[in-house]
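The block underneath contains the structure these notes are about, expressed in structure tokens.
The values are calculated or read from the model by the stated rules, or taken from the named source; none is laboratory data. Keep in mind that this is a model prediction, so the values were computed, not measured. All Cβ positions, glycine included, derive from the backbone under ideal geometry; neighbour counts span all protein chains shown.
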Amino acid sequence: MKIAITELQGLIEQALIGHGMVPANAPLVAATIVAAERDGSRSHGLQRLPGYLSSLKSGWVDGKAEPVIEEAAPSLLKVDARNGFAQVALARASLRLRAMVERQGTASLATRDSHHFAALWPDVEPFAADGYIVLSMIHSRARIVTWGGTKRVLGTNPMAFGCPRKGKPPVVWDQASSTMSQGDVLLASSAKRQLLPGIGVDAEGRATTDPDAVLQGGALLPFANAKGGSIAFMIEILSAALTGARFGFEDTSAGIKGALTSNAGQFMLLIDPKRIGGDGFVDRVELLVQHLLAAGTERMPGDHRYARRALAERDGVEISDGDYSSLKQGQR
């Protein structure tokens, strides 16, 4: 069935509020779930809602948290999310972050004690749409093995990048450091679908294509082997060591029933390209894009999401009868 985006947003907000989130925070978190479902990123859409609700109900994450924001330098904001959701922290800091980049040409955000359980591209797309270059990254609880290791230490550690285009939606990509995101492994598990070789190992460190073996004591592998491990390490440094957040291996959620989100950190860098390249920056971007397309590139990152978004805005978001029923009941 299909429902209007506004109805989906309202139903998710009510479910979050019903599990302890304050009304002021619910729209910010719900919007990231809606964005993923609307744009076809199903691994981070409604599939994740039970995890949000379970984490709220368990007390692992604070749905009432109000972040504390500190200007640590002329172009650096430090945010203590106070064990709340990262989307709330970013929303509260956004105006000051934008003011900084307008003054200084660049601005950085370092967030600690936050929970980010969503896709990362909704965080960066609004800034890129407004003409900024933006890079953001987060880490998660330990989920991958790399560099010959046999124990999980680093997280799947995604990062997202966005830059403006001339007269078109920005180029925005979002990718995990692992060969497959945790969300996509969860989708495969729900669908009883085997993984491709090279994605994960079981609890004994043996290669497996069984998503449940990866999820239940196993581990994911980094993309491009050691190179993906290097990126995961860099992200852990910037989003955990730099921000003061706990490392993925320091996660204590295992001792709390229902705690599914990761208490971690987020790093974001904003650059105003006009301060360096003038008004010609978007022309240079477009020149590069056109050469890529002429060389056979079929689409730019984000294009599929924009196309699916246009259909959802026109026709509504397609969800299952079961999901709709659960939403109407507030996900209990």
Completion exercise
Within the range 133-187, residues being part of a loop (DSSP other than H, G, I, E, B) and in contact with a Phe, Trp or Tyr (Cβ under 6 Å, 6 or more places away or on another chain) number 3
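Quick grid of which residues meet (1) out of contact with any Asp or Glu (no Cβ under 8 Å at 6 or more places or on another chain); (2) of a type in the set (S, T, Y); (3) under 30 Å from G277 (Cα atoms):
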site: A73; (1), (2), (3): yes, no, yes
site: E102; (1), (2), (3): no, no, yes
site: G105; (1), (2), (3): no, no, yes
site: H116; (1), (2), (3): yes, no, no
site: P122; (1), (2), (3): yes, no, yes
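Conditions tested, residue by residue: (1) at pLDDT 95 or above; (2) in the same structural domain as T156 (by TED's automatic domain parsing); (3) more than 21 Å from the chain's Cα centre (by Cα); (4) of a type in the set (F, W, Y).
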residue	(1), (2), (3), (4)
E71	yes, yes, yes, no
V79	yes, yes, no, no
N83	yes, yes, no, no
V88	yes, yes, no, no
T106	yes, yes, yes, no
L109	yes, yes, no, no
W121	yes, yes, no, yes
Handout entry: Residues that are of a type in the set (A, V, I, L, M, F, W, C), within 21 Å of the chain's Cα centre (by Cα), surrounded by fewer than 22 Cβ atoms within 10 Å (Cβ to Cβ) and not in a loop (DSSP other than H, G, I, E, B), drawn from the range 189-223
Key = L215
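Of all residues being hydrophobic (A, V, I, L, M, F, W, C) and closer than 24 Å to E250 by Cβ in the range 94-116, which is surrounded by the most Cβ atoms within 10 Å (Cβ to Cβ)? Just the residue, please.
The extreme case among them is L109.
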Fill in the blank from the handout: For helices (runs of 4 or more DSSP H) lying entirely in the range 1-92, having 1 or more residues that are closer than 23 Å to A176 by Cα, without any contact (Cβ under 8 Å) to a residue 40 or more places away in the chain and touching a helix residue (DSSP H, G or I) at 6+ places or on another chain (Cβ under 9 Å) picks out 26-38
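Listed here are the residues, each with its yes/no results for (1) touching a Cys at 6+ places or on another chain (Cβ under 9 Å); (2) surrounded by 14 or more Cβ atoms within 10 Å (Cβ to Cβ); (3) closer than 24 Å to L90 by Cβ; (4) assigned by TED's automatic domain parsing to the domain that holds G131.
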residue	(1), (2), (3), (4)
E236	no, yes, yes, yes
K257	no, no, no, yes
T297	no, no, no, yes
G322	no, no, no, no
Exercise for the section: Return yes or no: is L238 in contact (Cβ under 8 Å) with a residue 12 or more places away in the chain, assigned to a strand (DSSP E or B) and closer than 30 Å to E71 by Cα? Expected result: no
Problem - Residue within the range 158-167 that is in contact with a helix residue (DSSP H, G or I) (Cβ under 9 Å, 6 or more places away or on another chain), outside the structural domain of A110 (by TED's automatic domain parsing) and of a type in the set (A, V, I, L, M) present - result: no
Exercise for the section: Working only within the range 80-92, note down all residues that are of a type in the set (A, V, I, L, M) and surrounded by fewer than 22 Cβ atoms within 10 Å (Cβ to Cβ). Expected result: A91
Handout entry: Identity of the residue in the range 258-303, β-branched (V, I, T) and either touching a His at 6+ places or on another chain (Cβ under 6 Å) or free of Cβ contacts under 8 Å to residues at least 24 places away in the same chain (or both), that ends up nearest to C163 (Cα to Cα)
Key = T297
Fill in the blank from the handout: Of (1) crowded, with 17+ Cβ neighbours inside 10 Å; (2) under 19 Å from the mean Cα position of the chain (by Cα); (3) not basic (K, R); (4) not assigned by TED's automatic domain parsing to the domain that holds D251, P50 satisfies every one except (1)
Fill in the blank from the handout: Of the residues in the range 241-285 that are assigned to a helix (DSSP H, G or I) and of a type in the set (A, V, I, L, M), the one that is farthest from R48 (Cα to Cα) is I276
